[in-house]
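A short write-up of the structure that comes next.
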Amino acid sequence: MPDLTEKDLEALRKILHFEDTHPKENWFLGWEWHQVGVMQATINKFITMDLVARTFSSRSTKAHQLTERGRAVIEHQDILPDNHVVDTPAEYDFDSMFNDIIGYEDLKELLREGLQTEKPIHVLLVGPPSLAKTMFLLDIERAWGDIAMWLIGSGTSRAGLWDAIADKRPRILLIDELDKMSATDTAALLSLLEKGRIVRTKVHRQIDIKLDVWAIACANRIYKMSPELLSRFKVYSITEYNATEFRNVVMGTLVTHEGITEKDAAEIALRLVGRTHDVRDAARVARLSKRVGVKRAIELLVG
């Protein structure tokens, strides 16, 4: 692969996006630097590397287009060298990840270690609503930051979703409500997990991008999901907390993420036992309690 910086790769992506989204008749002589948003000095560098060809030149105009080599660098190769392993966020203490979740020690270890392997391991968390499934995804997002991308299965069917994934190239996909994902998007996800590729039909051509991604997903049920998709995941069942576990989870979550004192968190946790199994109810109560008190917040939000 050519010796390119991340800024160079981003410039190439801009050029590729322009060529694939603008009809050829609008730039039949080639595109100019201001049309693609890339400085001429960078374009000149690409010319010397045979990534861009100059197609027209005059005193006032210099036109260009990507070469086949330039397209191949962006479309058919990883943006990192083949022997490069993506670093984890160095400033994050991964041993503390999931500390606000009680129990599930084997699952915590699987996710902590599985997300740092050289090749992807995909995990699907399955169980009724209001358990800790989404909390696992939120903790992963906090730890990994911008290299994790969040998807909601019930809301993925929209134009540009897979183009956005291809552009951002996340290391981790966090998928909530996988069981509600449309058939079209499920097929695209299966292709990504099975082959490590995103294939999209663009204007006048087909895009084929290699992408290794770790998928961590949640679902309430799996009986409607295809065996082919399920086979790509380690399926892990999440069970309900008992009363003691629920109190501990609520207290840990409210103190760590909602800025509630231990005393108030303990009161909220105690009052919610038997009323709900959803930690998100506790978070909502904590936020409203600052205005109306714990008891009234529970009456208004939980009943």
- accessible surface per residue for the chain, probe 1.4 Å, DNA/RNA/ligands not counted, whole Å² -> 52
- Could you state the principal axis extents of the C-alpha atoms in the range 108-153, from the largest down, to the nearest angstrom? 32, 21, 18
- Environment charge of ARG13, counting only residues whose C-beta is closer than 12 Å and scoring Lys/Arg +1, Asp/Glu -1: -3
- Net charge contributed by nearby residues that have their C-beta within less than 9 Å of VAL126 (K/R +1, D/E -1): +1
- Query: Taking the Cα atoms of the range 194-294, what is the range of coordinates along each of the three principal axes, in descending order and whole Å?
  - Reply: 61, 30, 20
- Hey, what D do you get for the range 15-63 in µm²/s if you plug the Kirkwood alpha-carbon radius into Stokes-Einstein at 10 °C and 1.306 mPa s? 142
- Rounded to the nearest 500, the 222 nm mean residue ellipticity computed for the chain from DSSP H runs (n ≥ 4, each -39500 (n - 2.57)) alone is -13000 deg cm²/dmol
- Task: With +1 on each Lys and Arg Cβ and -1 on each Asp and Glu Cβ, and nothing else charged, work out how big the dipole of the chain is about its Cα centre, in Debye to the nearest 20.
- Result: 1040
- Message: Taking 22 Å as R0, compute the FRET efficiency from the Cβ-Cβ separation of ALA72 and MET39 and round it to 0.05.
- Response: 0.45
- Query: Once you treat every alpha carbon in the chain as an equal point and sum by Debye, what is log10 I(q)/I(0) at q = 0.13 Å⁻¹?
  - Reply: -0.97
- For the charge dipole of the chain, defined by +1 on Lys and Arg C-beta atoms and -1 on Asp and Glu C-beta atoms about the Cα centroid, which residue among GLY196, THR239, ASN44 has the Cα displaced farthest towards the positive pole? ASN44
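The values are calculated or read from the model by the stated rules, or taken from the named source; none is laboratory data. Not measured: the values here are computed from a predicted model. So basically every Cβ, Gly included, is an ideal-geometry build from the backbone, and we count neighbours across all protein chains shown. These area figures cover heavy atoms from the full protein model, side chains too; ligands, DNA and RNA do not enter into them. Shrake-Rupley method; radii C 1.70, N 1.55, O 1.52, S 1.80 Å.
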